[in-house]
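The values are calculated or read from the model by the stated rules, or taken from the named source; none is laboratory data. Everything numeric here is computed off the predicted structure, so don't read it as measured data. When we count neighbours, we look across all protein chains shown, and the Cβ atoms used for this are built from the backbone with ideal geometry, even at glycine. For accessibility, only protein heavy atoms count, side chains too; no ligands or nucleic acids. Shrake-Rupley method; radii C 1.70, N 1.55, O 1.52, S 1.80 Å.
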Amino acid sequence: MQPALLYSQKGFSVEDTYITTDNRSGTETTRVDLNEQYRLNYVTVPLNLVYSQHEDGQGIQVFAGPYFGKLLGGTYSYDDK
């Protein structure tokens, strides 16, 4: 068995532009540039079973097992220009 406790931050960002046009004239009426950022904080507890090729841990190793994760919280930021 090889237990551990890991803290990680995961996230992503979205940058997009929305444009609406007047169907009759074809001119741009509204333009919105969006920038969104998401940041999530996790704690995970992997419970790995480890198989080593040799008793001293040298050689090929195989790890397998479940892990448990908990979302601790996160942040969200939004900016429209």
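Worth pointing out:
- Accessible surface, per residue, of the chain when the full set of protein chains is kept, probe 1.4 Å, Å²: 84
- Radius, Kirkwood style, for the chain when every pair of distinct Cα atoms is counted (Å): 17.2
- Residue-span extension gain [Val43 to Phe12] - 0.36 nm each, minus C-alpha spacing: 9.4 nm
- Surface share of carbon and sulfur [accessible, 1.4 angstrom probe, percent] for the chain: 52
- Thr44 sits among other residues whose Cβ lies under 12 Å from its own Cβ, and their net charge, with Lys and Arg +1 and Asp and Glu -1, is +2.
- Relative contact order %, the chain, counting alpha carbon pairs below 8 Å whose residues are six or more apart: 33
- With N counted as the residues of the stretch 18-60, its alpha-carbon radius of gyration over 2.2 N^0.38 Å works out to 3.04.
- Listed peptides 17-25, 41-49 appear in the order 41-49, 17-25 once ranked by packing, highest mean of other Cβ atoms within 10 Å at the front.
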